[in-house]
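Notes follow once the structure below has been shown.
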Amino acid sequence: MHRTPRLFLFAAPLAAVPGRAVAAGMPQLNVHDPLLIGQVAWGAVIFAGFYVVLSRSALPRIERVLSNRRTRIQNDLDIARRAKAESDRASAELLSTRHEAAAQARANVERIQNEARLSAETHARETAKRLEAEVANAEARIAQSREQALSSLPAIATGTAQNLVSRLIGEQDEQTVASAVKRVSA
């Protein structure tokens with residue numbers, strides 16, 4: 001069986017086309033062909049027509065859209081920059097206020113501690129003065145009571161001695177007992 005090459009099957013219909021189409025090389029680059037020159041001329045006219053139509057109608061709209069988008073993006077960026085600057089400023093102000101509040105709180109704590117210490121010292125001094133006054137009063141009362149006791153001691157001793165003498169001897173000689181008590185107490 002003899003097989004015919006496949007290329008031959010496709011080349012057979014090309015043989016039926018006129019000689020210009022089957023020329024050697026690439027027929028679309030044959031610059032001597034009047035069909036090619038017409039195609040190039042019509043392509044240039046169509047391109048120029050598309051360019052004029054697009055440059056007059058579609059391109060200005062696209063430019064407006066791009067310009068609006070660019071403006072909107074720029075405005076959004078400006079708003080974002082201002083918001084960031086405002087946020088940074090507020091953050092710095094908050095931090096500064098926080099530091100000031102902490103310093104003021106420390107100063108208040110120190111002031112309150114100093115006031116409490118001074119109050120405690122004042123209270124301690126007042127208590128010490130009061131206690132000293134009470135001790136002095138107590139010592140004065142004790143001294144007074146002692147003086148009273150010592151001053152009444154001869155009378156008590158005399159009375160006791162007279163009772164003892166009268167019980168022991170049965171007689172009451174008040175002057176002898178009083179002089180004896182004075183001698184002993186002196």
**Item:** Of (1) 92; (2) 501; (3) 130, the label for volume of the Cα convex hull per residue in Å³ derived from the coordinates
**Value:** (2)
**Item:** Mean ellipticity per residue at 222 nm, deg cm²/dmol - from DSSP H runs of n ≥ 4 across the chain, formula -39500 (n - 2.57)
**Value:** -30000 deg cm²/dmol
**Separation of alpha-carbon centers, the stretch 98-117 and the stretch 31-53, rounded to whole Å** = 91
**Message:** Would any residue of the stretch 98-115 have its amide N under 19 Å from a label point 7 Å out along Cα→Cβ of residue 127? List them or say none.
**Reply:** 113-115
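Can you tell me how much longer the chain between residue 95 and residue 146 gets when fully stretched, taken as 0.36 nm per residue apart minus their C-alpha distance, in nm with one decimal?
Between residue 95 and residue 146, full extension yields an extra 11.0 nm.
How would you rank 127, 176, going from fewest to most other Cβ atoms within 10 Å of each one's own Cβ?
127, 176
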**Request:** Please identify the helices of the chain, taking whole runs of DSSP H, that span at least 27 Å along their own axis as judged from the Cα atoms and have a mean Kyte-Doolittle score of 1.0 or higher.
**Result:** 34-53
**Request:** Counting only trypsin sites (Lys or Arg not before Pro) that are in a DSSP loop and have at most 11 other C-beta atoms within 10 Å, tell me the longest site-free stretch of the chain.
**Result:** 21-186
**Asked** Counting Lys +1, Arg +1, Asp -1, Glu -1, what net charge surrounds residue 64 among other residues with beta carbon under 15 Å of its beta carbon?
**Response** +4
**Asked** How much net charge surrounds residue 138 when only the other residues with a Cβ under 14 Å from the Cβ of residue 138 are counted, with Lys and Arg +1 and Asp and Glu -1?
**Response** 0
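Values quoted throughout were computed directly from the atomic coordinates according to the rules given, and no laboratory measurement underlies them. As the structure is a computational prediction, the values presented were derived from the model and not from experiment. Every residue, glycine as well, gets a Cβ built from its backbone with ideal geometry; the counts of neighbours run over all protein chains shown.
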